[in-house]
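All remarks here apply to the structure that follows.
We did not get these values from a lab; they are worked out from the coordinates using the rules stated. Owing to the predicted nature of the structure, the values given are computational and were not obtained by experimental measurement. In this analysis, Cβ positions are derived from the backbone assuming ideal geometry, glycine residues included, and neighbour counts consider all displayed protein chains.
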Amino acid sequence: MMNCYFFIHILRDYNHYYLLYHIQRTIHMMRGHLIAGTILLLLFAVVVQGAFAGVVERSVEPAEQSTYRVVLTIAGERVAGITEVLPPGTEVREVSLPAGQYRVDGTTLFLAVIGEPEITYVVRAPEDPTGAIRGTWTDFVLDEGGTVAGHADGTESPQVPSAAPLTAGTPKAAPSLLLLLAGTMAGMACAARCRGKGGMRR
Amino acid sequence: MPGKGGDEAMNRMVPCVIAAILVLSPLVMADAALPGDLDGNGVIAREELASSILARLSSGTTAPGTPLTDLRDAAWIYVHWGGTARTVTDSSGKSLTLTRPLRRIIVMNSETLETMRSLGVTRERIAAVDKFIAQKPEFFPEYAGHPSVGSIWAPDYEKMLAMRPDALFLYASVSRAECDEIERRVTLSRPDLPVFRIDCYRPETYLDDAARLAEIFGAEEKGARLAGFYTDALKKVDAAASSSAPPEVYFETWNDFKTVARGSGYHDKVTMAGGANIFRDNPAEYPEIDPESILARKPGVVIKLAGSGKYVFGGYSGENSTRFAEVRDALIGRAGWSSTPAVRDGRVYVLHNAIVGGPQYLIGVTYMAKWFHPDGAEDLDPESLHRTYLQEFQGLDPGLARPDRFVFPAT
């Protein structure tokens with residue numbers, strides 16, 4: 001596209017000074033559009049993140065004998081599913097839900113939320129722990145979902161030793177890949193549109 | 001002009017199209033079983049819902065999952081209908097049982113759609129509307145360009161069935177023959193399709209109709225809030241109406257010298273506002289009357305209805321609102337009218353049908369009560385009522401409630 005743009009002007013004007021001016025101007029414009037597109041993408045990600053941030057939050061605190069208590073706080077009364085993927089070697093010891101509302105499959109914990117504002121589970125970490133808990137939630141009534149966020153204050157749990165893997169909750173409600181992709185496309189489309197308009201200007 | 005042969009050809013074509021649709025989309029047929037009711041006892045229990053959620057979550061690892069649509073419906077039913085099927089009796093007295101939340105409905109009357117909006121039913125659930133709804137972009141901006149299936153007088157059956165609706169909403173009382181025919185023909189092709197007959201325009205049944213819709217859409221809380229809004233507003237109207245003797249009112253529709261009598265909705269609204277309709281005892285609901293008989297009854301207040309016929313101006317589109325004054329001047333200038341108490345006392349008003357004909361009747365009634373009982377109207381603020389209704393229940397710009405677009409004189 002860029003070559004085509006210059007070629008048209010070369011054919012039309014044969015004016016090298018004019019061409020030089022356009023090269024500089026186009027590079028300047030492209031840089032501007034790139035910045036604008038990036039800002040738009042970031043803004044989009046922030047908006048998406050904000051929309052679902054804090055719906056399900058996780059905090060982790062140490063309990064007795066190498067165990068940790070994980071507390072999931074759920075905003076509003078929801079019918080939802082939560083999947084918690086625990087680090088390798090972690091063992092689920094106790095869940096605050098009735099037996100029929102959770103299922104453990106290896107290091108994956110499935111939770112059926114039916115109006116509970118809070119769910120607690122206790123895990124036993126391996127002796128040499130690595131990794132962090134990753135979680136996702138889906139609300140089946142409102143048809144929305146997201147990532148289980150770390151506690152809203154941004155500090156996972158100060159009591160837990162930094163070496164303990166379970167303290168490292170997932171980043172706060174990162175937008176899903178699909179939404180990020182959509183945002184990227186929107187940003188690129190906007191940048192392309194701006195570039196198109198810029199090329200026509202004069 | 002299409003002849004009888006054309007109609008017959010159309011009649012032959014419709015079943016073919018319907019058969020094709022049925023063959024191509026078997027899942028459209030309503031499922032009588034409650035989704036997520038694993039033991040088939042007619043109740044989605046907490047344990048069953050939990051089991052479905054876990055099966056869905058773990059479908060990638062251990063067990064076959066529950067279809068997402070079923071799970072979403074089961075969760076919705078558990079939350080909104082207490083886990084059971086919902087039986088609703090419509091305005092015509094017909095009981096219909098729903099085993100799924102409605103997600104693709106066709107609405108053929110704007111009053112019902114307006115009430116649905118008050119209850120928080122959004123565009124995503126509305127597969128199609130009638131053509132008149134689609135033609136009111138100021139009041140129904142979200143339905144401008146939305147699929148339309150004709151009108152109750154000229155329905156597009158082919159399109160209606162092709163939309164694969166899960167329910168159809170028609171009037172119960174007005175245009176009954178046309179709505180009966182639509183129901184008959186549609187259910188002939190889709191016997192499982194719930195057809196709700198709900199009016200949503202008659203003051204005496206409006207709140208019942210709204211409550212029915214609230215039940216259907218699991219919006220009881222919003223329904224209660226709407227009912228409270230109407231009840232509070234009408235209490236104030238009652239207080240004003242009983243503050244002084246009812247004035248003699250001549251109410252004229254958008255057809256000149258056509259009035260209303262007992263049995264018509266407008267008569268009820270005049271009465272509700274504390275007026276005495278001078279033609280209340282006429283045997284016809286909408287009688288055409290002799291101009292002399294108006295003068296003989298010496299009306300103390302005159303209300304002229306605008307918004308249809310040759311009086312299309314004002315309202316939400318706000319077009320040609322200057323015509324309000326022209327219409328009032330023409331009324332005052334009618335032969336012999338200068339001697340009537342209404343003209344002598346400056347109590348001739350023009351009222352737009354948008355705020356008296358449908359669910360917004362309480363706004364028009366509040367304006368009328370203020371005109372009929374000026375000394376007892378200190379608690380009546382129809383403009384504020386209108387603004388609140390638009391903003392809180394319709395999600396529209398309250399600035400649309402400009403009095404000069406709906407009534408004249410506006411002050």
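Here are some notes:
- Relative to the longest principal axis of the Cα atoms of chain B, the long axis of helix B:176-189 lies at roughly 10 degrees.
- Residue-by-residue Karplus 3J(HN,Hα) for the stretch A:54-70, coefficients 6.51, -1.76, 1.60, Hz, glycine and proline x: x, 5, 10, 10, 10, 10, 10, 9, x, 10, 8, 6, 6, 10, 10, 9, 9
- Residues B:LYS222, B:LYS304, B:LYS269, sorted so that the one with the fewest Cβ neighbours within 10 Å comes first: B:LYS222, B:LYS304, B:LYS269
- Those aspartates and glutamates that a straight Cα-Cα span of less than 17 Å connects to B:LYS310, excepting residues fewer than 8 apart in one chain: B:GLU252, B:ASP256, B:GLU288, B:GLU319, B:GLU326, B:ASP329
- Reported to the nearest whole Å, the Cα centre-to-centre distance from the stretch B:174-242 to the stretch B:346-362 is 20.
- Options B:PRO155, B:LEU170, B:VAL186, ranked by Cα towards positive dipole end of the stretch B:87-203, top entry (Cβ charges): B:VAL186
- Sequence-ordered 3J(HN,Hα) estimates for the stretch B:293-304 from the Karplus curve with 6.51, -1.76 and 1.60 and θ = phi - 60° stand at 5, 5, 4, 5, 8, 6, x, x, 9, 10, 10, 10 Hz, glycine and proline given as x.
- Magnitude of the charge dipole, chain B, Cβ model with Lys/Arg +1 and Asp/Glu -1, debye to 20: 460
- When the C-alpha to C-alpha distance is required to be over 21 Å, the pairs from B:LYS94/B:LYS131; B:LYS136/B:LYS236; B:LYS304/B:LYS370; B:LYS131/B:LYS159 that qualify are B:LYS94/B:LYS131; B:LYS136/B:LYS236.
- Normalised Debye scattering of chain B at q = 0.12, 0.13 Å⁻¹ gives log10 I(q)/I(0) of -1.01, -1.12, counting only Cα atoms as equal scatterers and leaving out solvent.
- Gyration tensor (Cα) of the stretch B:223-408, equivalent ellipsoid semi-axes in angstrom: 26, 19, 15
- For B:ASP379, neighbours were defined as the other residues whose beta-carbon sits under 13 Å from its Cβ, and their charges (Lys and Arg +1, Asp and Glu -1) total -2.
- The length gained on full extension between B:ARG334 and B:LEU207, counted as 0.36 nm times the residue separation minus their Cα-Cα distance, comes to 41.8 nm.
- Estimated D of the stretch B:37-162 in µm² per second, where Rh is the Kirkwood radius over Cα pairs and Stokes-Einstein applies at 20 °C, 1.002 mPa s: 126
- Cut-off under 5 Å, modelled amide H: who pairs with B:ILE126 long-range: B:ILE105
- For the stretch B:296-393: rounded, prolate or oblate by the Cα gyration tensor [a/c cutoff 1.5]: oblate
- Over the stretch B:157-211, relative contact order from alpha-carbon pairs under 8 Å, at least 6 apart, %: 39
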